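Read through the structure below, which is laid out as structure tokens, and then see the notes.
The values are calculated or read from the model by the stated rules, or taken from the named source; none is laboratory data. Everything quoted here is computed from the prediction, not taken from an experiment. Cβ atoms come from the backbone with ideal geometry, glycine included; neighbour counts cover every protein chain shown. Surface areas here come from the heavy atoms of the whole protein model, side chains and all, with no ligands, DNA or RNA. Shrake-Rupley method; radii C 1.70, N 1.55, O 1.52, S 1.80 Å.
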Amino acid sequence: MPSLAPDEFTPEITYLNTASFGLPSARALTAVREASTSWATGRSGPTSQVDLLVPDLRAGFARLLDGATADDIALGSGVAGLIAPVAAALPPGAEVLLPEGEFASVSMPFVYRDDLVVRFVPLAELAAQVRPETELVAVSVVQSADGRVADLPELRAVTRANNARLLVDATQAAGWLPLRFADADYWVCASFKWLIGARSVAFLATPPEFVPQLRPIGASWYAAEDRWAELYRPAALPATARRFDTTPDWLGVVAALAGLSLIEELTVDKIGAHDLELAGHFRAGLRELGFEPVEAPSPIVSVPGAGDLAARLEQAEVVASARGGGLRFAFHLYNSADDIERALSALRAG
């Protein structure tokens with residue numbers, strides 16, 4: 001099973017760590033290089049040229065959320081900062097429900113607002129634990145630690161039944177898993193993992209009816225209704241999610257847009273099928289070696305208790321992550337069946 005884009009990626013090792021950081025494509029490197037060269041000449045700076053790409057970036061991410069539009073998308077630099085308007089808008093004493101082991105960028109904006117009631121429950125019990133006093137449920141579609149996948153339709157139904165809001169982090173899902181905008185009230189997503197974008201670009205998505213319920217935090221010049229007219233005299237924030245924008249890293253915009261273009265060309269369905277097939281074969285090989293990987297419909301493969309083998313992988317030039325005493329592997333569009341065999345061989349050795 002070959003890579004889906006052999007002309008776009010040239011890894012020199014076995015890279016199975018997309019859940020930490022995706023690899024940049026050739027088109028992204030070229031685009032960033034060209035933008036940097038143009039900038040260096042002084043003939044075109046980011047605000048005069050690259051900023052024109054921001055609407056395309058919004059639209060590109062919106063297309064990954066079936067039912068969303070570009071007006072529903074805000075730009076930021078990281079997930080936690082984009083969750084901040086949601087956390088700040090909660091009333092004192094509000095209950096926030098999260099799964100145990102949730103990634104810290106999702107949980108910390110609520111944990112460290114000390115006037116909230118934050119409850120952690122097992123992921124499998126998350127829907128059952130929603131109750132009338134629950135104000136918000138926050139969860140990653142795909143869990144960073146082990147690749148387990150949340151049941152979003154079930155959570156959507158139970159949060160609506162209890163008049164609660166649902167916040168979803170799609171960072172470990174967008175790019176390989178089809179997503180529906182209607183399945184959550186608030187979406188956040190970093191672009192530097194499965195979207196093969198930039199560390200400095202992240203997205204918040206929410207429909208217009210929920211925008212007034214959130215509280216802008218540190219509103220910047222870039223979030224103004226008419227940013228160029230309001231540089232020295234702020235007048236208004238837009239009624240759309242754009243009011244939560246922070247000033248973008250324009251070179252990051254170039255890289256993120258290039259990544260989205262490749263994903264759109266290949267299609268999420270094709271990428272997802274590729275990633276899941278590789279992960280499935282890898283899990284089968286792990287079981288043959290006596291390991292017990294976490295079962296999940298996900299390209300993230302977690303092997304509990306195998307963390308002491310990290311050095312062996314490193315020596316064999318297989319890049320994975322050590323997490324919580326285990327190992328975490330992640331398969332994406334630039335991986336192939338050869339990567340499976342190299343990783344299994346490294347684990348088998350000795």
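Things to note:
- Order of exposure, largest accessible area first, which applies to 222, 15 with probe 1.4 Å: 15, 222
- Helical content of the chain, expressed as a calculated mean residue ellipticity at 222 nm, amounts to -10000 deg cm²/dmol (DSSP H runs of 4 or more residues, -39,500 (n - 2.57) each, divided by residue number, nearest 500).
- Check: the chain dipole with +1 on Lys, Arg Cβ and -1 on Asp, Glu Cβ, in debye: 460
- Only helices reaching 15 angstrom along their own axis (Cα) with mean Kyte-Doolittle hydropathy no lower than 1.0 count here, and for the DSSP H runs of the chain these are 79-89, 250-266.
- Most simply put, the chain has about 45% antiparallel DSSP beta bridges, counting only bridges with both residues inside it.
- The range 305-341: GluC sites (Glu not before Pro) falling in loop per DSSP and having at most 16 other Cβ within 10 Å: 317
- Just checking the listed ones, 145, 202, 284: in the Gaussian network model of the chain with Cα springs under 10 Å, the one fluctuating most is 284.
- What the Cβ-Cβ distance of residue 236 and residue 10 gives, at R0 = 51 Å and to the nearest 0.05, is a FRET efficiency of 0.60.
- Heavy-atom accessible area for residue 56, with the other protein chains in place and a 1.4 Å probe, reaches approximately 80 Å².
- Here the accessible area of the range 34-183 is 53 percent carbon and sulfur, with a 1.4 angstrom probe and all protein chains present.
- Note on the range 195-284: the alpha carbon radius of gyration divided by the globular reference 2.2 N^0.38 Å gives 1.50.
- Rounded, prolate or oblate (a/c below 1.5 giving rounded, otherwise prolate when a/b exceeds b/c) for the range 94-152 by Cα gyration tensor: oblate
- In this label model, residue 162 and residue 113 are separated by 1.8 nm, measuring between points 7 Å along each Cα→Cβ vector.
- Exposure check, 1.4 Å probe, all protein chains in place: residue 228 carries approximately 130 Å² of accessible surface.
- Computed over the range 79-172: relative contact order in percent, which uses C-alpha pairs under 8 Å that are six or more apart: 29
- Excluding ligands, DNA and RNA, the accessible surface per residue across the chain is 43 Å² with a 1.4 Å probe.
- Per-residue SASA entry for residue 108, accessible area with 1.4 Å probe, Å² rounded to 10: 90
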